[in-house]
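First comes the structure, then the notes that go with it.
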Amino acid sequence: MIHISIYERGETYSHWATIRDRNDQKVNPTSVKITIYDPCDNVLVNAQNMVNSSTGIYYYNYDTLSSSATYGKYTAKVVAVSGTSNVGTYISHFYVMPWKVEQSVRYKMGITDEKDIDDDALSEICWTAYKRALHEVYIHHYADNPLGNPDTGACFDGSNITFKTPHYPLADIGGDGSVLGTDVGVPGVNNCEQDISGWWIDSAGARHTIRVYVSDSYNGLLNLTQEGGVTPIPANNEGVYLDYWERHSNFDDFLFREAVSFLAAHYVNLRLTQRDKVTLADISGNSPIVLLNPDMFIREYKHLLKRISKPKVGGV
């Protein structure tokens, strides 16, 4: 049986726990509580009682994976306390991703159950493949000089804070579903991995961090201030620089998802073929695809990456 370790936004996460004593017998402790953390270590569920389904079996449904939930690795911690105050702690993980990558990977490889690779391990591989693909498909711009206010033309005059990146749309290189600057950790901002940062050099040659707020990621519009988030960067600065990633405007999301699936399949292939003996019972029709063509998945990944990593060029 394949259980769910990757969820999409808006779905309900159901956590089941089996509690056993030292004799491996199912028991009902005095209390069983669950705490759930998002990828930024924010507490989403704080020590809530789990529902007792039967002896030793407990569950908790978290149905508030919102339409804007942060993509990434979530942690569920279950703490069981016995009548004699013995404490058992059980930690597991699940992922929220833009789509259910693991299903596509299993289909491509013909793996129909968890004998060779369970869904927890496959989910970790899928997230790793997703993060790697983001870095390989997006374009990195380092030490770019921002352009002035597109409406007024104002640049660094001691009062203007509106600027524009030379290249856009801005990319979500962190893969968490939001394009944010160095305002991560600010109240009301949920993600914990910045996608664009910057620094400026003062008249004495000292380097300072810029507070970057992304107002329009598709058009590259930013608010740039000094680190406190209020004071404009002074007119006598010796240079202002940005570090960010670009997603070209005709980026093909379908091909990108296919590429991630093939990269994840390659990682699974490596995991299977590195064993001394590979069980082919998990492969549909007993077809040993992981042995006959070990590079097929990574080749397809690279082929797709070439198609989506560069914008199409038209001409006459």
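Greater than 24 Å separation of Cα atoms is the criterion. Which listed pairs, LYS108/LYS302; LYS73/LYS164; LYS108/LYS306, meet it? List each step's numbers first, then the result.
Numbers: LYS108/LYS302 16 Å; LYS73/LYS164 32 Å; LYS108/LYS306 20 Å.
As for pairs spanning more than 24 Å Cα to Cα, those are LYS73/LYS164.
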Local electrostatic count, VAL32, Cβ distance below 13 Å [Lys/Arg +1, Asp/Glu -1]: +4
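On a full-extension model of 0.36 nm per residue, what is the gain between TRP199 and THR55, subtracting their alpha-carbon distance, rounded to one decimal in nm?
On the way: separation 144, 0.36 × 144 = 51.84 nm, distance 5.83 nm.
Contour length minus the Cα-Cα distance gives 46.0 nm.
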Karplus 3J(HN,Hα) series, Hz, for region 5-10 with 6.51 cos²θ - 1.76 cosθ + 1.60 (x for Gly, Pro): 10, 10, 10, 9, 4, x
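From the Cα trace of the chain, what convex hull volume per residue do you get, rounded to a whole Å³?
So the per-residue hull volume is 199 Å³.
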Value of Rg to Rh for region 148-235 (Rh from inverse mean 1/r over Cα pairs, i.e. Kirkwood): 0.97
Two-decimal Rg to Rh for region 1-83 - Kirkwood Rh, Cα set: 1.01
Karplus-derived 3J(HN,Hα), 6.51/-1.76/1.60, for each residue of region 155-165, Hz, glycine and proline x: 10, 8, 10, x, 9, 6, 10, 9, 9, 9, 6
Two-site label geometry, ASN149 and TYR90: point separation in nm, points 7 Å out along Cα→Cβ: 5.9 nm
Ascending count of other beta-carbon atoms within 10 Å, so fewest first, for TYR37, TYR95, TYR244: TYR37, TYR95, TYR244
Computed E for GLN103/ASP41 - FRET, C-beta separation, R0 25 angstrom, nearest 0.05: 0.30
Orphan Cys of the chain, criterion: no other Cys C-beta under 4.7 Å: CYS126, CYS155
FRET E, pair PHE251, ARG20, Förster distance 41 Å, beta-carbon r, rounded to 0.05: 0.25
Alpha carbon centroid spacing (whole Å) that separates region 96-110 from region 131-174: 33 Å
Karplus 3J(HN,Hα) series, Hz, for region 247-259 with 6.51 cos²θ - 1.76 cosθ + 1.60 (x for Gly, Pro): 10, 5, 5, 9, 3, 9, 5, 5, 5, 5, 5, 4, 4
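Every read-out reported here was derived from the displayed coordinates using simple, explicitly stated rules and does not represent laboratory data. Everything numeric in this text was worked out from a predicted model, so none of it was measured. Ideal geometry is used to build each Cβ from the backbone, glycine not excepted, and the neighbour counts take in all protein chains shown.
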